[in-house]
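Trainee: Sending over a structure as structure tokens; questions will come in a sec.
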Amino acid sequence: MRLKTFPGGIHPHDEKHYSSSAPISNFPTPQRVIIHLSQHIGAPSSPIVQVGDEVLKGQKIAEAAGFVSIPQHASISGKVSKIAKAMHPTGAMSMAIEITSDGLDRSVEFPDDPNYMDLEPQVMKDRIAEAGICGMGGAGFPTIVKLSPPEDKPIDVVVLNGVECEPYLTSDYRLMMERSEDIISGLKLIMKIVKAKKGVIGIEANKMDAIAKMQQLLTKESNLEVVGLKMQYPQGAEKQLIYAATNRKVPAGGLPMAVGVVVQNVGTAVAIYEAIRFQKPLIDRIISVTGSPVVKPMNLKAPIGTLYSDLVEHCGGTREEIGKAISGGPMMGFSLPSLDATMTKGSSGLVLFNQKAAKSLAEHTCLRCARCVDICPMNLLPSMIANAVKYKNLDLAVQAGLNDCIKCGSCAYVCPAQIRLVQYIDTGKIRYAEAQRKK
Amino acid sequence: MKDKYIVSPAPHVHDKSTVKNVMWNVVIALIPALLFAVYYWGLRALILTLTGAIAAVITEAIIQKLRKVPVTVHDGSAFLTGMLLAYNIHVGAPIWLPIVGAVFAIGVGKQVFGGLGNNPVNPALLGRAFLLASWPTQMTAGWVAAKNSAMSGLNNLSRIATNLQELSPKAYELVTGATPLKVAQSLRDTSFVADINAQAGGLNLGGRIFDSLTELATLKSLFWGNIGGCIGEVSAFALLLGAAYLLYRNIIEWRIPLFYIGTVFVLSLIFGGIPGSGSSVMLPFFHIFAGGLMLGAFFMATDYTTTPITKKGRIIFGIGCGLLTIVIRLVGGYPEGVSYSILLMNVFTPLIDKITMPKPFGKVAK
């Protein structure tokens, strides 16, 4: 198989060995879950329950607040014990609904629909919207919005993202190994919804067994294909994946539909499959709990809203002192002040670092070595953007590519001067948005 | 609430590269050339180099103390500047020369602008230009010949003429008393050539000497370093060895050296010849191996701070350096043009960056 890739990028150590061989195991029903109202890009969901209400697993507890929004569902049965601010996996505090378990795990019905493959696309979409699905790769864009392209933007290819290019994370890998059929069913359903003729699954070369497994299942499917990809970060970024898998370039500032492509994460594909076939809302997901301090790194199927501290405890706790707790992968994830945050639909991993790995060196003046320029997958000038932001020259920052940055962190990864380039770029993006508002 | 763990912006992993690591690696890459210099010219090459490097380190430390900023000499950048400066001096030079040069390079070339990362032109080259302008005699007189070689690297003088010394004292003085590039430059002067030809009784001596510059024996001398010259001009081979290391370690990038050397190669092929000499296809090899081109292209024109960051800009920078080098060598008043061409192009760096801003991935030209 000829492996494909995109221009630019870096090769961090993948560190997947901690958890890659751990099969998905079920996390036992926790004592309580804290379900965030903002698990996605768009308006936070509006609660439809009150403190004291009894809820069943799978019952809707918050409604979508507009088109670019999603509903939320109880992930365990029990009593609504609190509606208040709680720690989000980004480390910030935001509104969430706390449910205290009744220990009974009573669930609403998830009836099997034998004709699920032949439903009207609109029915499928309704079920996805009702299930509260958003992108599970991290960004969390409401899936229903992505699957509703305007009439004048026909989609011909659906790309499933099985790249998992973030170091440490193995949740998508385990899913591809253990639920390959469901992923393929999900892909077929997405293709039916957007009327695409072709389906592609992109997987990186460090998961050869997943590539082989998918290939084997797709031998008889003429319109479905596995694309093997060279290991290169950030291949899981939408534009980079589309280029690697289909050789199409999404225009700068544009969306994948501009080139007739829709991208969905493999985890999202499974959620779509479950939503359409069983009308099951997105109430659990696979999360990798990994890193050197974790006694027994695992890939857990856990209810949305589970406390990170509960996950770590289930993995046997820690063998050394934690220096950093990262929600998501180490390239783009958020470092948390404590393990009090709870899982959202985008929580693909919880990565713990020991104190040594958590240390970073002091920032040095930019040498202008241009390593960041050489590896930038978006072909920008990261060091120039950062400098322009530092000296409050927003025009220059924009010229150097501020608005095209996907914040993959490759530039900061290779910077010998340890400059926190992504942080400067983030600041720049915020200042730019403020400046636009004032206009 | 107090944070239990370290909270910092992503990414949380790093390739472990540091400024220190980069600088000391360049120093390592310069060591083969130093060994060759010691082999051909003796221990004095090492003494001058260390003197320059240590003077640079001490200067930087003193200035940083005076500026009340952290002393960062352990990062290796001052050591490297001092070393590169010394590489621009020949072994016959007095010991104070690299000291004065290093003080100027670090003081005026670097610290005045705020230190590493802020200087507009290459400090080592600025130091060299200062020395050449202030003490031209010490910078150029008293060249030391390499072991077993005539000064210019034209080893087999009898091949030019069996009795060159008697035939034309002027020609003999030229090939034994100067660097190969000086020989090439002198022979571009038609009245000089007429003089030595007349001394030799109408023999086409000028043409013959010029031809001998591109003979395999001469090119071999240049490649291995069996010639007269500055410490860092010693052996193209030793410098290429260091360059290969830097390319392999991803410390320098290929664009500038390739386009610099490529431009010199092509232009010397077209314009390098003189009348009276069978213009040789080997001339480009003479021009890329002679003088400071290898040192300049791989170790000076790749200096991070003073060269463009854009990929296209680096190509323009390389071509510009090559063009200026050839203009100085073939038309200008100096036999060698590497350092001035890099210094001049350094000045254009901000402009080059400005006009070569890349288009983001997916951006279509309007």
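No lab work stands behind these numbers, since they all come straight from the coordinates. In this text, all values refer to a predicted model and were calculated from it rather than measured experimentally. Cβ coordinates were reconstructed from backbone atoms using ideal geometry, including for glycine residues, and neighbour counts include every protein chain displayed.
Trainee: Pop the C-beta distance of B:Val112 and A:Lys230 into the FRET formula with R0 = 51 Å and round what comes out to the nearest 0.05.
Mentor: Taking R0 as 51 Å, the efficiency between B:Val112 and A:Lys230 is 0.65.
Trainee: If you average the alpha carbon positions of the range A:10-84 and of the range A:399-439, how far apart do those two centres end up, in angstrom?
Mentor: 30
Trainee: With Cβ to Cβ distances under 13 Å as the rule, what net charge do the other residues near A:Asp118 carry (K, R +1; D, E -1)?
Mentor: That sum, taken over residues with Cβ under 13 Å, equals +1.
Trainee: Roughly what % of Cα-Cα distances in the range B:157-218 sit above 18 Å, to the whole percent?
Mentor: Percent of Cα pairs beyond 18 Å in the range B:157-218: 22.
Trainee: DSSP loop (so not H, G, I, E, B), at most 13 other Cβ within 10 Å: list which GluC sites (Glu not before Pro) in the range A:58-158 pass both filters.
Mentor: A:Glu109, A:Glu151
Trainee: Grab every C-alpha pair in the range B:252-355, bin the distances at 10 angstrom width from 0 up to the longest one, and report whole percents.
Mentor: That works out to 17, 50, 26, 7, 1, in percent per bin.
Trainee: To the nearest 0.05, how large is the calculated FRET efficiency for A:Glu321 and A:Val123 if R₀ is 56 Å and r is the Cβ-Cβ distance?
Mentor: Computed FRET efficiency for A:Glu321 and A:Val123: 0.60.
Trainee: Now for a different question. Would you please put A:413-425, B:106-118 in order of how densely packed they are, using the mean number of other Cβ atoms within 10 angstrom per residue and starting with the highest?
Mentor: So the peptides A:413-425, B:106-118, ranked by packing, come out A:413-425, B:106-118.
Trainee: Kindly provide the helix-only [θ] at 222 nm of chain B, computed as the sum of -39,500 (n - 2.57) over DSSP H runs of four or more divided by all residues, to the nearest 500 deg cm²/dmol?
Mentor: So the helix-based figure for chain B works out to -18000 deg cm²/dmol.
Trainee: Please identify the trypsin sites (Lys or Arg not before Pro) of the range B:39-81 that satisfy two criteria: DSSP loop assignment and at most 15 other Cβ atoms within 10 Å. Which are they?
Mentor: Answer by residue number: B:Lys68.
Trainee: What cysteines in chain A have no other cysteine with a beta carbon less than 4.7 Å from their beta carbon?
Mentor: When partners are defined as cysteine Cβ atoms under 4.7 Å apart, chain A leaves A:Cys134, A:Cys165, A:Cys315, A:Cys366, A:Cys369, A:Cys376, A:Cys405, A:Cys408, A:Cys415 without one.
Trainee: So, one more: Where in the range A:187-225 are there trypsin sites (Lys or Arg not before Pro) that are in a DSSP coil and have at most 15 other Cβ atoms within 10 angstrom of their Cβ?
Mentor: Sparse-neighbourhood loop trypsin sites (Lys or Arg not before Pro): A:Lys195, A:Lys197, A:Lys220.
Trainee: What 222 nm value per residue comes from the helices of chain A, counting each DSSP H run with n ≥ 4 as -39,500 (n - 2.57) and dividing by all residues, nearest 500 deg cm²/dmol?
Mentor: The helix contribution divided over chain A gives -8000 deg cm²/dmol.
Trainee: A:Lys390 to B:Leu43: FRET efficiency via 1/(1 + (r/R0)^6), r the Cβ-Cβ distance, R0 51 Å, to the nearest 0.05?
Mentor: 0.60
Trainee: Round to a whole angstrom and tell me the spacing of the C-alpha centers of the range B:277-335 and the range A:143-194.
Mentor: About 52 Å separates the Cα centre of the range B:277-335 from the one of the range A:143-194.
Trainee: Also, quick follow-up: Can you compute the modelled spin-label distance between A:Asp426 and A:Asp113, with each label point 7 Å from Cα toward Cβ, in nm?
Mentor: 4.0
Trainee: Turning to a different aspect of this structure: Based on the Kirkwood radius over alpha-carbon pairs, what value in µm²/s does the Stokes-Einstein equation return for the translational diffusion coefficient of the range A:371-438 at 20 °C and 1.002 mPa s?
Mentor: 185
Trainee: Would you kindly work out the equivalent ellipsoid of the range A:245-326 from its C-alpha gyration tensor and give its semi-axes, the square roots of five times the eigenvalues, largest first in whole Å?
Mentor: Each semi-axis is √(5λ); the values are 34, 20, 10 Å.
Trainee: Still on this structure, please answer the following. Among B:Thr59, B:Leu35, A:Thr246, which residue has its Cα furthest toward the positive end of the charge dipole of the protein assembly as shown, with +1 on Lys/Arg Cβ and -1 on Asp/Glu Cβ?
Mentor: It is B:Thr59, whose Cα lies furthest towards the positive end.
Trainee: On to the next question. Using only the alpha-carbon atoms, what does the range A:279-414 span along each of its principal axes? Please give whole angstrom values in decreasing order.
Mentor: 48, 43, 24
Trainee: Determine the dipole magnitude for the range B:19-140: charges of +1 sit on the beta-carbon of Lys and Arg, -1 on that of Asp and Glu, nothing else is charged, the reference point is the Cα centre, and the result goes in debye to the nearest 20.
Mentor: In total the dipole reaches around 200 debye.
Trainee: With a point put 7 Å past each Cα toward its Cβ, work out how far B:Ala141 is from A:Arg2 in nm, to one decimal.
Mentor: Going by the 7 Å Cα→Cβ label model, 6.7 nm.
Trainee: From Cα coordinates alone, what are the radius of gyration and Dmax values for chain B in angstrom?
Mentor: Rg, Dmax (Cα atoms, Å): 22.3, 97.
Trainee: Also: Do you know the relative contact order of chain A, to the nearest whole percent, from alpha carbon pairs under 8 angstrom that are 6+ apart?
Mentor: 19
Trainee: Calculate the tail of P(r) for the protein assembly as shown: the fraction of all Cα-Cα distances greater than 45 Å, expressed in %.
Mentor: That fraction is 40 percent.
Trainee: Principal axes first, then extents: for the Cα atoms of chain A, list largest minus smallest coordinate on each axis, whole Å, largest first.
Mentor: Principal-axis extents of the Cα atoms in chain A, largest first: 61, 50, 50 Å.
Trainee: Where a ≥ b ≥ c are the square roots of the eigenvalues of the C-alpha gyration tensor, would you call the range B:19-140 rounded, which needs a/c under 1.5, or, failing that, prolate if a/b is larger than b/c, or oblate?
Mentor: Cα axes put the range B:19-140 in the oblate bin.
Trainee: What percentages, rounded to whole numbers, describe P(r) for the range A:182-259 computed over all alpha carbon pairs with 5 Å bin width beginning at zero?
Mentor: With 5 Å bins starting at 0, P(r) equals 3, 14, 23, 24, 21, 11, 3, 0.
Trainee: If I model a spin label as a point 7 Å beyond the Cα along the Cα-Cβ vector, how far apart are those points for A:Gln399 and A:Ser94 in nm?
Mentor: Label-label distance for A:Gln399 and A:Ser94, simple model: 3.6 nm.
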